[in-house]
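Just below is one structure, and these are the notes that go with it.
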Amino acid sequence: MTGKVDDLGRAAAVVREPVRGGASQKILTLFSLVQFAGLLLLGLLLLAPLLYGSRYVVYLGTLLALQATLAVSLNIVMGYAGQFALAHAAFYGFGAYASAIFIRDYDMTFWSSLPPTACLAAALAAAVGYPSMRFTGGIHFALITFAFGELLRLVAANLHGLTGGPQGMQLSYAPVPVLGIDFGSARGMYYLAAGVLALSMIIAKLIRRSGFGRSLLAIREDEVLAASLGIDVTAHKVAAFSIASVIAAMAGAVYGPFVGFVSPEMMSASDSISVVGMLIVGGIGTTSGPIIGTLVFVGLPELLRVAKLYRLVVLGLIIVVTVLFVPKGLAGLFGRMIPTGPQRGR
Amino acid sequence: MNRSKWIGAIGGLALGLAAGATAHAQTAGTIKLGLIGSLTGPHSGWDAPAAEGVQMAVSEINTAGGVAVAGKKYKIDVVQEDAQSKPDIAATATQKLLSDDDIHIVMGVLTSVPGVPVATQTAKAKVMYIGGFTALDGIVGTPGKELTFRALDTDQTVASGFVPTVVKELGIKKVGMLMPNDDISKTVIKAYEPLFKQQGVDVAMIEYFQPGTTDFAPVLRKFQSQGLDGLFIGYADPDAEAIVRQSLEIGNLPKKFVYRGGSGSPAVKYADKIDGFVWQILTRDLASPGDDKVKAWIERYKAFTKKDIVSNTYWALTFYDAVFMLGKAMDAAGTTTDQAAIAAKLKGMAYDGVRKMSFDANGRAVTDVDIGVIKDGKTYSIPEKIL
Amino acid sequence: MLDFVQTSIDGLMVGGLYATVALGITLVFGLVGILNFAHGQSVMLGAYVTFFVVSAGYPFWLGALFAAIAMGLFGALLERAVFRRTLGDPLAGLAVSLGIIMIVENLAAAAFSPDPRFVDPPVSGSVQIGPLILSSQRLLVLFVSVVLIGGFNLFLQRATLGKAIRAMAQSREGAALVGVRVPMISRAIFTIGSALAGAAGALYASLFAITPYMGATPLTKGFILAALGGLGSVPGAIAAGFLLGLAESFGSRYLSASFRDGYGFIILIFALLFLPTGLFGAGKARV
C-alpha cells in the first residue's frame, strides 16, 4: 500500500488480504529460508529434552511447554483480536480441576475427560465473554475477566466438597497409555505437553491465515470500522476468547497429572498477568513471540544465577525496557513488521 | 512469518541445558545435601529461616572439620533450589536436585502447596526428605514414604499436652475458633476440637476467614453475644495480633485467647488489656530464653545471618537441630550414601542438641514444647513434657 | 439492629481507605488513559515509609506526610521516565506497569524482608458513642480519608490546577486550545494520584500489618472501584469505595467470611454488565 490510505481502505485491505509492503517482498524470500531453518530448529528444540538423560531437563521442558501453550493461546485473543483477557490462569486451573473432578467423580479416564472439560471451558468463556465483549474499547472485558479470574479462584478455595478447598486436590491418576506410548511417565508427560503446544501453535497459525483471523486483525485495528465492513465483531471476539480459553484448559488438564496436585493458587491474577507479560516481552501478535516470551520469563530465572529476588527484578527491568524501547517485543526485533498495538494514533 | 529469532531462543535454551546438566563430581569426603524452599514469593517468610538453619548448621559442622562417619570426616555441600512458592516450580526444582545422583537427602519447605510435590517426588525417587509442612502429616508413614520425615511436631502431639494446660491457665468453658480458610486449619481443628471437649470445654462456633484478611471486624462480630469466654485464633502472628487488637477495639468479645502459634508477640502490646493469652513455643522460647544453650544459639544465629530474631526464626532452630541429627544418623548407620540405612537410624533416634528432638518410627518429629502464657500482666512459660 | 449499624460503620471506615486508593486510579486512567497496575506499589511504599518514620521515633502524622510526599515524587518520576512514553497505548502502559510491579515488589522484599510489620497507631482503644463502640483508630482513618477526599474535591473546584484538570477531563483538545499545558497536567495527575496512594498506605499501616506483597489487594480493589464508579469519575470512585466497604463488611458478617474478596468481584461483574459506564460515569472522564 503506497501513498495516503484512509483508515477505511486500510481496514478493508486487512480484511481482504494480508498486509504486504512492497519492499519486503525480497525480505520475504529470505524469510522463507529462515522459516524452514526455524522449523528445523523448533523440531530440535522440542526433541532436545528427550535426548538428554536428565529427568530435570524433561521436567523443565514440560513446564516450559505448558507455559508456552498458555502464551500461544492468549496470543489468539490478545495478539490477534486485541482484547485484554486477564483470566487465562483461571482457565488453566479450571481445566485442571474440571478434568480431575470428572476423573474422580464420574469414573472417566484422562482422555475421556478432555472433551467435556473443553466444552465446559468454552461455555464458561462464552458466558463471560459475550456480555462483556459487547462493548468496544476492551476495558470492560479486561476488568471483568480480571474479576472473574479471581472469583473463580475464590470459588475453588471455598467449595470444599467439590474441589478440596484451599488445600487443593492430590491427584494420583495418569493418562492411560495410547498407541503403546506411556504418557504417564516423565517422558510421556513431556510428549503430551509438547504435543499440546504444537497443536496450539498449529491452531494459531491456521487462524492467522484464515479469513477468521483477518477479521480478528481488522477488529484489533478498529472495531467500529470492522463492524461497518460487515464483520460480526462481538461473535468474532467471543470466538477468539473461547478458543484461547479452551486451549488453556487443555493445558491445565495436562498440568494435573504432571504436578500431581492442583490448588486454587494456580489460578491467581498474578499468574494471569504473568502470561500477559510473557506475550509482551516476546512480541504480541507475532508467531514466535509467545515462545520467546515464555523462554525469557520462565527460563531466565533458571539461568540467572543472581541471588533470588533480584532475578525477578531483572525480569521486571527487561519488561520495562522491552515495552518502552522495543515495543514489538523480542520477536519483533527480527521479524517482519506486523501492524501492532490497538490504538496507535494515526 | 519469521523464525530466525528462534536461533537466539535455542541458543539460550542450550546454554540452560548445559548449565543444568553439568555434573558435580563428588569428591571423596563430601556429602551433598539438597535444600529446597521458597526463597521468593509469599511463602518465603517461612522457608527462608529453615534454609538459614540448615546453612548455619552446615557451616558450623564444616568449620569443625565435618561430620564424623565411621571414623572419616565429611564436609557438607549444600545445593539449594528455589521453589518460588509455586507447586509446578517446586516440582521442577526438586527434579533438578534429584538429577544429581550424589544427593541422597533433601531438606526444606514449610508450606504445603509447594511442599506436596516435593515430598511425592523425592519419595518416588527413593531420596530421603525432611520437610516441615502440615500436609506431611498425611504423607509420612504411608506405604512408599519410608524415607520421608517431618521435622515439626504434629498438631496431635502438641495439642494433647497443650489443651489441658490452656484450660487450666485460662479457666475457659466455652470457646469460639477463628481460623484462616486453608488446609492447616482443618488439621488443627481436627486435632483440637475433640481435646477441648475432653476437657469439658464447649466449642460453640468455628468460623473461617479468607487468608490475607486484615479487617477482622465483620467476622469478629459473629462471635459477639454468644456467651463465649475464649477465642482460639489461628496460627499466624499478623492475623493473631490483628484479631487481638481489633477484638479489643470492637468490644463485647472474650479477652482470653488461645493461639496455635509460636510466639507471644501478638499479645505483648495488649498484655494489660487482656485476660490471658496462651501460645505454643514449638521449639524453645526464643523471645525470652531462659536456657543458656538457646541463648548461645541465638547469638550464633545473629552472627551468622546478620539478622534479628523474628517469630519464624524457630524454624531455623528446628532445622538446625535436624541437620545435626542427620549427621548422627549417618554415623550410626556407617554410611553417607545409603539413605535407607540412614533413615532407619533416624527413626526412633533421640537427640539432645539445643533442644531435645526425636523422630518416631513413622518419621514424625516428637519434641518437647514450651507453653507460653501472658496473664495478669505477667509473661511466663510452662514446659510441656512430651519426650 | 445495633449489630447492623456497627457493621455498616465498619464498612464505611474501610471504605474510606478504598476510596482514597481508587481516586488515584480513576484519575490516572480516566484522564491520562493509562492503566497503572503499579498503583498498589505506591500504597505499599507509602506504608513502609510510614513504618520507618514511626520506628525512628517520629509522630505518625509526620510519617503519613512523608509517605504522601515521597509517593508523589515517586509518581512524578514514573510518569516522566516511563509512562510519558506510553501515552495513548493502554496495552503498553499496562505492560510496563507489570514490569514496575516486579521491580518494586521484589526490591522491597529484598530490602525490608517479607515478614509482616506493624506500625503503632497514633491512637488506640475505642470510644463509646451511645450504644456504639467504635475503634478510635478506624474513626481517625475515616476522618482522614474524608478530609483527603474532600480536600481533593475542593482543589478540583477552586485551584487553578484543579480547574485545568477538570478542563482536560472534559476535552483534551479543548483544554489545550485554552492554554492548558497537557503534559504538565498529566504529570500533576500522576503525582497527586500517587500521593493519595501513599497517604492511603500510611492509613493502611495504622490499621493492619504490612508486607512487601501487600500492594496487590489495594490494587485489585482500586481497579474494581474505579471501574464501578466509572473510570475518570471522582464522585464515582468515592461512592464505589464506600459501597465496597459496606459490601465486604456485610458479606463477611452475615454470610461467609472466607469469601470476603468475592463479594466485591461479584458486584463489579454485575455492575459492569448492566451499568457499563459505572455508577456515575458517562463513558467519558467526568470530574
*Within 10 Å of each Cβ of C:205-218, how many other protein chain Cβ atoms are there on average?*
3
*Proximal aspartates and glutamates relative to B:LYS126, as straight alpha-carbon distance under 14 Å, when same-chain residues fewer than 8 apart are discounted*: B:ASP100, B:ASP101, B:ASP102, B:GLU146, B:ASP338
*Modelled label reach - B:ALA303, point 7 Å along Cα→Cβ, the range B:64-79 residues with backbone N closer than 18 Å*: B:64-66
_Global form of the range C:1-67, assessed from the alpha-carbon gyration tensor, a/c cut-off 1.5_ = oblate
_Show me, for the range B:33-39, the HN-Hα J-couplings you get by feeding each phi into the Karplus relation (A = 6.51, B = -1.76, C = 1.60, θ = phi - 60°), rounded to Hz, glycine and proline as x._
10, x, 10, 10, x, 8, 7
*Residues with amide H under 5 Å from that of B:ASP202, placed H, sequence gap 5 or more*: B:LYS174, B:VAL175
*Taking Cα pairs under 8 Å and at least six residues apart, what relative contact order does the range B:82-235 come out at, in percent?*
18
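How high is the relative contact order of chain B, given as a whole-number percent (alpha carbon pairs under 8 Å, six or more residues apart)?
16
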*Please turn the phi angles of the range B:181-198 into ³J(HN,Hα) values with the Karplus equation 6.51 cos²θ - 1.76 cosθ + 1.60 (θ = phi - 60°), one per residue in order, whole Hz, x for glycine and proline.*
7, 8, 5, 4, 4, 4, 4, 4, 5, 4, 7, 8, 4, x, 5, 4, 4, 4
*Would you work out which of C:ALA257, C:ILE165, C:PHE112 lies farthest towards the positive end of the dipole of chain C, given +1 charges on the beta-carbon of Lys and Arg and -1 on that of Asp and Glu, about the Cα centre?*
C:ILE165
*Once both labels are modelled 7 Å past Cα along the beta-carbon direction, what's the A:SER228-A:SER172 spacing in nm?*
6.4
*asked:* Using square roots of five times the C-alpha gyration tensor eigenvalues, list the equivalent-ellipsoid semi-axes of the protein assembly as shown in whole Å, biggest first.
replied: 46, 39, 25
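Let me confirm one metric for peptide A:145-154, namely the mean number of other chain beta-carbon atoms within 10 Å of its residues' beta-carbons.
Averaged over the peptide's residues, the number is 6.
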_How long are the semi-axes of the equivalent ellipsoid of the range C:146-220, taking √(5λ) for every eigenvalue λ of the Cα gyration tensor, in whole Å from largest down?_
31, 14, 8
*Around B:ALA343, what is the net charge, scoring Lys/Arg as +1 and Asp/Glu as -1 over all other residues with Cβ under 12 Å from its Cβ?*
+2
*What aspartates and glutamates sit close enough to C:LYS221 to cross-link, taking a C-alpha to C-alpha distance under 12 Å and skipping anything fewer than 8 places away on the same chain?*
A:GLU150, C:GLU248, C:ASP261
*Tell me, what is the FRET efficiency for A:ILE202 and A:TRP111 to the nearest 0.05, using R0 = 22 angstrom and their Cβ-Cβ distance as r?*
0.65
*Of the residues B:LEU220, B:LEU147, B:LEU317, which exhibits the maximal mean-square fluctuation in a Gaussian network model of chain B defined by a 10 Å Cα contact cut-off?*
B:LEU220
*Among the listed pairs B:LYS75/B:LYS328; B:LYS32/B:LYS124; B:LYS190/B:LYS255; B:LYS256/B:LYS302; B:LYS168/B:LYS197; B:LYS173/B:LYS222, give every one whose C-alpha distance is greater than 22 Å.*
B:LYS190/B:LYS255; B:LYS256/B:LYS302
*Taking the Cα centre of chain C as origin and charging only Cβ (+1 Lys, Arg; -1 Asp, Glu), how large is the dipole, in debye to the nearest 20?*
840
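Using Cα pairs closer than 8 Å and at least 6 residues apart in sequence, work out the relative contact order for chain C, in percent.
Worked out over chain C, it gives 37 percent.
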*Taking the Cα centre of the range B:294-387 as origin, sum charge times position over the Cβ atoms of Lys and Arg (+1) and Asp and Glu (-1), and report the length of that vector in debye to the nearest 20.*
220
_Taking R0 as 22 Å, what FRET efficiency do you get between A:TYR310 and C:SER124 from their Cβ-Cβ distance, rounded to the nearest 0.05?_
0.05
*What's the extension gain from B:LYS295 to B:VAL79 if we count 0.36 nm per residue and subtract their Cα-Cα distance?*
74.9 nm
*Amide H contacts of B:ILE382 (H built 1.01 Å from N, under 5 Å, at least 5 apart or other chain)*: B:ILE371, B:GLY372, B:VAL373
*Using amide H atoms built 1.01 Å from N in the peptide plane, name the residues 5+ places from A:PHE261, or on other chains, whose amide H lies under 5 Å from its own.*
A:LEU171
*Taking +1 at the Cβ of each Lys and Arg and -1 at the Cβ of each Asp and Glu, which of A:GLY95, C:GLY16, C:PHE152 sits farthest along the dipole of the protein assembly as shown towards its positive end, judged by Cα position relative to the Cα centre?*
C:PHE152
*In whole Hz, what ³J(HN,Hα) sequence does the range A:142-150 give by Karplus (6.51, -1.76, 1.60; θ = phi - 60°), x for Gly and Pro?*
4, 5, 5, 5, 4, 5, 4, x, 5
*Hydrodynamic radius (Kirkwood) for the range A:46-266, which is based on Cα pairs only, to one decimal in Å*: 17.9
*Once every DSSP H run of n ≥ 4 in the protein assembly as shown is given -39500 (n - 2.57) and the sum is divided by its residues, what mean residue ellipticity at 222 nm do you get, rounded to the nearest 500 deg cm²/dmol?*
-19500 deg cm²/dmol
*In degrees, nearest 10, range 0 to 90: what is the angle between the Cα axis of helix B:292-305 and the longest Cα principal axis of chain B?*
60
*Excluding same-chain residues fewer than 8 positions from A:LYS205, which lysines have a Cα within less than 26 Å of its Cα?*
A:LYS26, A:LYS237, A:LYS328, B:LYS5
*If a/c stays under 1.5 just call it rounded; otherwise compare a/b with b/c (prolate if a/b is bigger, oblate if not). Do that for the range C:19-213, with a ≥ b ≥ c from the square roots of the Cα gyration tensor eigenvalues.*
oblate
_Rounded, prolate or oblate, given the Cα gyration tensor of the range B:255-298, with a/c below 1.5 counting as rounded?_
prolate
_Net charge contributed by nearby residues that have their C-beta within less than 13 Å of A:SER172 (K/R +1, D/E -1)_ = +2
*Against the longest principal axis of chain C, how steep is helix C:60-81, in degrees 0 to 90 to the nearest 10, with axes from Cα atoms?*
30
*For B:PRO238, what is the net charge nearby, where nearby means another residue's Cβ is under 12 Å from its Cβ and Lys, Arg count +1, Asp, Glu -1?*
-2
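Give me the tail of P(r) for chain B as a percent: Cα-Cα pairs with distance above 36 Å.
Counting pairs separated by more than 36 Å, the tail of P(r) holds 28 percent.
Any read-out appearing in this document is the output of simple, stated calculations on the displayed coordinates, not a laboratory observation. Every value quoted in this text rests on a predicted model; they were computed, and no experiment measured them. Neighbour counts are summed over all protein chains in view; Cβ atoms, including those assigned to glycine, are modelled from backbone coordinates with ideal geometry.
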